[in-house]
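Accompanying notes for the structure given below.
The values are calculated or read from the model by the stated rules, or taken from the named source; none is laboratory data. For clarity, every value in this text was computed on a predicted model and none was experimentally measured. When we count neighbours, we look across all protein chains shown, and the Cβ atoms used for this are built from the backbone with ideal geometry, even at glycine.
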């Protein structure tokens, strides 16, 4: 006698969210083994049974996480009415709103990208750290600018600024203040853009020798604050001009910016968060 065909799980297993929905991870119980013959068809049947069961239970929204290894299941999900929500390198997240008599309240994907600009001031020499980019929109324009970059997931604004400076120039710094913010709506792929200018000081005892990251940086140098302000690429009256002026005031001690204190996150959640408060 031949071996019996595998019996599909009755439904996909998921965990409840706080809004009457269910989150289904593809490493949970109920997912067919994608390496087995007929797995896609088995997933189609299991998903259909699961949707019927969730509707009967009054589930509202369904979050379905499918990793790269199970990409063949994505067309099954979209045929069943799931929509793309977001994707990371290792998975795609799909969602489906089940009630037919009310609009979906599933939140949209993140609306913003968050960037930082690092105004690095060397109090000993009275100089500012400037770079020229090798690639990107600021490259090829003889543009000297402060180091910039995007936040990584789970990263605080000051840490991101210090990391970018260290990676791009090898200079070790410490956080001084958030000098200003710019909010725009011209980010990549239709996202809005939040940009924080962070005032940093060279760490006590650290070297001022610049070691550029050649993959991203064409050149770097220490310049005077006057040279920083006289940048011909900065349009008078623009947001950049206003932020540059605040940077100069901060370096002179005429502006405190927004200082940071690390406080418990609260609400029973682990971890910490920067809460920016004025220090005067």
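Within the stretch 169-191, the residues that satisfy the criterion of being at pLDDT 90 or above, within 24 Å of residue 242 (Cβ to Cβ) and surrounded by 15 or more Cβ atoms within 10 Å (Cβ to Cβ) are 173, 175, 176, 177, 178, 179, 180, 182. Within the stretch 21-52, being modelled with pLDDT of 95 or more and farther than 16 Å from residue 76 by Cα holds for 21, 22, 23. Residue-level check: of (1) touching a helix residue (DSSP H, G or I) at 6+ places or on another chain (Cβ under 7 Å); (2) closer than 20 Å to residue 110 by Cα; (3) part of a loop (DSSP other than H, G, I, E, B), residue 89 misses just (1). Of all the criteria given as (1) surrounded by 18 or more Cβ atoms within 10 Å (Cβ to Cβ); (2) closer than 30 Å to residue 157 by Cα; (3) free of Cβ contacts under 8 Å to residues at least 40 places away in the same chain, the one not satisfied by residue 85 is (1). Only a single criterion out of (1) in contact (Cβ under 8 Å) with a residue 40 or more places away in the chain; (2) surrounded by 18 or more Cβ atoms within 10 Å (Cβ to Cβ) is not satisfied by residue 134, namely (2).
Yes/no matrix, rows are residues, columns are (1) at positive phi; (2) at pLDDT below 80; (3) surrounded by 15 or more Cβ atoms within 10 Å (Cβ to Cβ); (4) more than 26 Å from the chain's Cα centre (by Cα):
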position: 205; (1), (2), (3), (4): yes, no, no, yes
position: 219; (1), (2), (3), (4): no, no, no, yes
position: 244; (1), (2), (3), (4): no, no, yes, no
position: 253; (1), (2), (3), (4): yes, no, no, yes
position: 276; (1), (2), (3), (4): no, yes, yes, no
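For the stretch 154-244, the strands (runs of 3 or more DSSP E) that sit wholly inside it and include 1 or more residues that are closer than 26 Å to residue 109 by Cα are 173-184, 192-202. Are any of the residues in the stretch 66-80 touching a helix residue (DSSP H, G or I) at 6+ places or on another chain (Cβ under 6 Å), assigned by TED's automatic domain parsing to the domain that holds residue 28, assigned to a strand (DSSP E or B) and without any contact (Cβ under 8 Å) to a residue 60 or more places away in the chain? Yes, the stretch 66-80 contains at least one residue that is touching a helix residue (DSSP H, G or I) at 6+ places or on another chain (Cβ under 6 Å), assigned by TED's automatic domain parsing to the domain that holds residue 28, assigned to a strand (DSSP E or B) and without any contact (Cβ under 8 Å) to a residue 60 or more places away in the chain. Restricting to the stretch 124-142, name every residue that is closer than 24 Å to residue 181 by Cβ and not in a strand (DSSP E or B). Once the filter is applied, which keeps residues that are closer than 24 Å to residue 181 by Cβ and not in a strand (DSSP E or B), the stretch 124-142 yields 136, 137, 138. Hey, could you check the stretch 222-239 for residues that are without any contact (Cβ under 8 Å) to a residue 40 or more places away in the chain and within 29 Å of the chain's Cα centre (by Cα) and say which is farthest from residue 116 (Cα to Cα)? Selected residue: 235. Of the candidates 160, 110, 118, the single residue that is loosely packed, with under 12 Cβ neighbours inside 10 Å and either within 13 Å of residue 200 (Cβ to Cβ) or under 15 Å from the mean Cα position of the chain (by Cα) (or both) is 110. The set of residues in the stretch 137-157 being touching a helix residue (DSSP H, G or I) at 6+ places or on another chain (Cβ under 6 Å) and buried (at least 20 other Cβ atoms within 10 Å of the Cβ) consists of 147 alone. Taken over the stretch 15-59, the residue count meeting the criterion of being crowded, with 18+ Cβ neighbours inside 10 Å, more than 14 Å from residue 70 (Cβ to Cβ) and either outside the structural domain of residue 72 (by TED's automatic domain parsing) or out of contact with any strand residue (DSSP E or B) (no Cβ under 7 Å at 6 or more places or on another chain) (or both) is 2.
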